[in-house]
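A short worksheet on the structure shown next.
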Amino acid sequence: MYKTLSPGAIGIRGQSLQENLSLAKQTGFEGLDFSIQEAAQIAKANDVGAVTALFEDAGIKFGAWGAPVNWQGEGWRDDLADLPKLAELAAELGAERCSTWCPPTSSERAFDENFAWHVERFRAIAEVLKTFGLRFGIEFIGPQSLRPADQHDFIHNMEGMLELATAIGTGNVGLLLDAWHLYTSGGAVADLDKISNADIVNVHVNDAPKGLTMATYNDHDRRLPTETGVLPLEAFMKKLIELGYDGPVTPEPFSKRLNAMEDPLEAAGETAAHMTRLWELAGLSGAGI
């Protein structure tokens with residue numbers, strides 16, 4: 001596994017792919033989560049080799065890229081029509097991990113109807129990705145505060161997301177596994193004994209504020225990994241090692257303190273320091289494994 005930077009997750013906006021690669025390199029990250037659309041623009045203006053060269057010159061691995069399909073919107077099939085070109089590019093680059101998230105409630109559809117609705121839309125995306133040998137990770141959203149009583153409840157834990165992946169049935173769908181969502185869904189590190197490396201597409205890590213209850217965790221107010229010690233991240237990482245997980249591990253703290261830092265280098269450096277601490281706790285070397 002390898003430490004991966006997602007600039008947007010730590011409040012860094014508006015930078016180019018080149019700038020983000022430089023930032024990752026300067027602060028000791030080994031991978032970068034990136035926009036496949038931006039990569040496509042660079043490839044169109046030059047060629048695919050130009051994108052590969054940017055990553056190779058920086059010594060940075062491909063992380064995950066967000067599914068470029070607004071699958072919750074009415075015009076989602078227009079995005080779907082563009083997906084093969086982007087998926088082909090990702091395959092040429094060797095960037096095989098694509099991911100998205102799944103809302104834990106619906107204001108319109110009861111559970112069974114919503115389940116079928118998600119299977120239809122996610123399967124359409126997964127089938128395109130499978131054609132090009134790519135994987136599709138879907139993130140379940142755990143906090144109770146995002147499941148109000150006036151909404152229809154939907155998938156919000158690991159077991160439910162694995163059931164959805166099985167129902168999609170394409171064989172290339174797994175988890176975007178987030179330590180925050182595992183914890184706030186009421187799950188435990190021991191639950192990971194039920195899965196294998198093949199079930200995990202990519203991983204997010206973070207910590208939680210102290211002094212809250214499960215009912216009061218706010219999804220947009222987290223902490224940097226190892227900042228508070230609320231989440232059992234050492235055990236979480238050691239379990240990933242046991243599973244032989246070999247993909248990107250991306251911090252996603254949604255931290256107001258971090259977002260307030262005006263210097264991208266300061267924000268990325270602070271994040272990298274916490275990732276180094278996490279690696280040390282898990283018994284990992286400074287490099288990815």
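Explain nothing, just compute: Karplus ³J(HN,Hα) = 6.51 cos²θ - 1.76 cosθ + 1.60, θ = phi - 60°, for every residue of segment 200-212 in order, whole Hz, x for Gly and Pro.
Per residue, the Karplus-derived 3J(HN,Hα) values read 10, 8, 8, 10, 10, 10, 5, 10, 10, x, 7, x, 9 Hz.
Which residue, M237, M158, M214, has the most motion in a Gaussian network model of the chain that connects Cα atoms within less than 10 Å?
Ranking M237, M158, M214 by mean-square fluctuation puts M214 first.
In a shell of Cβ-Cβ distance under 9 Å around V205, excluding V205 itself, what net charge do Lys and Arg (+1) and Asp and Glu (-1) give?
That works out to -3.
Helix-only mean residue ellipticity at 222 nm, the chain, DSSP H runs n ≥ 4 weighted -39,500 (n - 2.57), per residue, nearest 500. What is it?
-13000 deg cm²/dmol
At a threshold of 8 angstrom on Cα-Cα distance, excluding pairs fewer than six apart, so keeping six or more, what relative contact order does the chain reach in percent?
Relative contact order here is 21 percent.
Find how much the distance from A81 to L212 grows on full extension, using 0.36 nm per residue of separation minus their present alpha carbon separation; answer in nm with one decimal.
Stretched fully, the A81-L212 segment lengthens by 42.7 nm.
Once the Cα gyration tensor of segment 148-204 is found, what semi-axes does its equivalent ellipsoid get, as square roots of 5 times the eigenvalues, in whole Å, sorted largest first?
Equivalent-ellipsoid dimensions as semi-axes: 20, 16, 9 Å.
Near the amide H of T228, under 5 Å away, which other amide H atoms are found, from residues 5 or more places off or on another chain, if H is placed in the peptide plane?
HN-HN under 5 Å from T228: A208.
Ordered by residue, what ³J(HN,Hα) values in Hz, to whole numbers, does segment 193-199 give under the Karplus form 6.51 cos²θ - 1.76 cosθ + 1.60, where θ = phi - 60° and Gly and Pro are x?
5, 7, 10, 10, 3, 5, 8
How much length would be gained if the chain were fully extended between I241 and R109, taking 0.36 nm per residue of separation minus their Cα-Cα distance, in nm to one decimal?
Full extension from I241 to R109 adds 43.7 nm.
Hey, what do the phi angles of segment 246-253 turn into as Karplus ³J(HN,Hα) couplings, whole Hz, using 6.51/-1.76/1.60 and θ = phi - 60°, x for Gly and Pro?
10, x, x, 10, 10, x, 9, x
What number, in percent, do you get for the relative contact order of segment 3-92 if the mean sequence gap of Cα pairs under 8 Å and at least 6 apart is divided by its residue count?
Relative CO of segment 3-92 lands at 28 percent.
Running a GNM on the chain with Cα contacts under 10 Å, which residue among G14, G247, G137 ends up with the highest mean-square fluctuation?
Top of the fluctuation ranking is G14.
Let me test this: with uniform point scatterers at the alpha carbons of the chain, what is the Debye-based log₁₀ I(q)/I(0) at q = 0.08 1/Å?
Ignoring solvent entirely, the Cα scatterers give -0.32.
Would you please give the residues with an amide H less than 5 Å from that of G63, counting only those at least 5 places away or on a separate chain, with H modeled from the backbone geometry?
L32, D33, F34
Once amide H atoms are built 1.01 Å from N in the peptide plane, which residues 5 or more positions from G174, or in another chain, come under 5 Å H to H?
Distant-sequence amide H within range of G174: F136, G137, I138.
Give the separation of the Cα centroids, segment 1-44 to segment 100-116, in Å.
Spelled out, the Cα-based centre of one part sits 31 Å from the other.
Rounded to the nearest 20 debye, what is the charge dipole size of segment 2-281 about its Cα centre when +1 sits on each Lys and Arg Cβ and -1 on each Asp and Glu Cβ?
280 debye
FYI, it's all coordinate maths here, none of it is from the lab. Here the structure is a predicted model, which is why all the values come from computation and not from measurement. FYI the Cβ positions are ideal-geometry reconstructions off the backbone, even for glycines, and counts take in every protein chain you see.
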